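Encoded as structure tokens, the structure appears first; notes follow it.
The values are calculated or read from the model by the stated rules, or taken from the named source; none is laboratory data. As the structure is a prediction and not an experimental result, all values here were calculated from the model. Note that each Cβ is placed from the backbone with ideal geometry, even for glycine, and that neighbours are counted across all protein chains shown.
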Amino acid sequence: NAGVMQNPRHLVRRRGQEARLRCSPMKGHSHVYWYRQLPEEGLKFMVYLQKENIIDESGMPKERFSAEFPKEGPSILRIQQVVRGDSAAYFCASSRPGNPQETQYFGPGTRLLVL
Amino acid sequence: AQSVSQHNHHVILSEAASLELGCNYSYGGTVNLFWYVQYPGQHLQLLLKYFSGDPLVKGIKGFEAEFIKSKFSFNLRKPSVQWSDTAEYFCAVNFEDSNYQLIWGAGTKLIIKP
């Protein structure tokens, strides 16, 4: 009963490098959500994707951040030219297709540290 | 803008004490309500949820929460905590006009003294 998987669990990057975070949803789930958690804060919605479609990216910073969920393979959250302020925990969640209010199940998160 | 407030950022209790963690939200429309828990080193797990029906919701591990619409609240309770309940607890709300985004409280870190 594999849950949502994220890798890497920890990622260290220097300023200006790229960070790629991967998320494999639960079996049978075709909706993926990315959230960011800054220290001492709650999670903040970033983007909602279905297979090959970005449904809502209203929470994504306008520059340097992008997300995809291809037909095959995991969802990828990509951060280009990382800055120290990008240091955070990034959580992926997935849900079943159909009712958009289906419960979201979370992965363990990727902790990004930008030096 | 919709928001979710958790009143206590840190709570320290002794084993067998009763627990109540507050959660309030700012929205008068239809909501779905969730409590998630994150044990040290682990991922977020769903404790319980409320979509409709009986406002007193039972979750896993002896937790329950009560939805009080007039107070815009969804407080989490447990009559007798255990050391293993040490974790961070998050309240999240799914608002009617944003039917897939979860809006999160800042979390409450709960420490249970053995």
Pick from region B:89-114 the residues that are more than 10 Å from every other protein chain (Cβ to nearest Cβ) and under 24 Å from A:S94 (Cβ atoms): which of them is modelled with the lowest pLDDT? B:D97
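Conditions (1) over 11 Å from the mean Cα position of the chain (by Cα); (2) touching a residue at least 24 places away in the same chain (Cβ under 8 Å); (3) within 11 Å of chain B (Cβ to nearest Cβ), marked per residue:
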position	(1), (2), (3)
A:R13	yes, yes, no
A:E18	yes, yes, no
A:S24	no, yes, no
A:G42	yes, no, yes
A:V47	no, yes, yes
A:K51	yes, no, no
A:E57	yes, no, no
A:E63	yes, no, no
Tell me which residues, restricted to region B:5-31, are out of contact with any Cys (no Cβ under 9 Å at 6 or more places or on another chain) and either assigned to a strand (DSSP E or B) or aliphatic (A, V, I, L, M) (or both). B:H10, B:V11, B:I12, B:L13, B:S14, B:A16, B:A17, B:L19, B:E20, B:V31
Can you name the residue in region A:33-72 that is part of a loop (DSSP other than H, G, I, E, B) and in contact with a strand residue (DSSP E or B) (Cβ under 7 Å, 6 or more places away or on another chain) and is also surrounded by the most Cβ atoms within 10 Å (Cβ to Cβ) among such residues? A:F69
Which of the strands (runs of 3 or more DSSP E) contained wholly in region B:71-114 include at least 2 residues that are over 12 Å from the mean Cα position of the chain (by Cα)? B:87-95, B:102-104, B:108-113
Here the residues within region A:4-31 that are under 27 Å from B:K109 (Cα atoms) and buried (at least 16 other Cβ atoms within 10 Å of the Cβ) are A:V4, A:M5, A:Q6, A:L11, A:L21, A:C23
Hey, can you tell me all the residues within region A:74-100 that are more than 14 Å from chain B (Cβ to nearest Cβ) and touching a residue at least 40 places away in the same chain (Cβ under 8 Å)? A:P74, A:S75, A:I76, A:L77, A:R78, A:I79, A:Q80, A:Q81, A:V82, A:V83, A:R84, A:D86
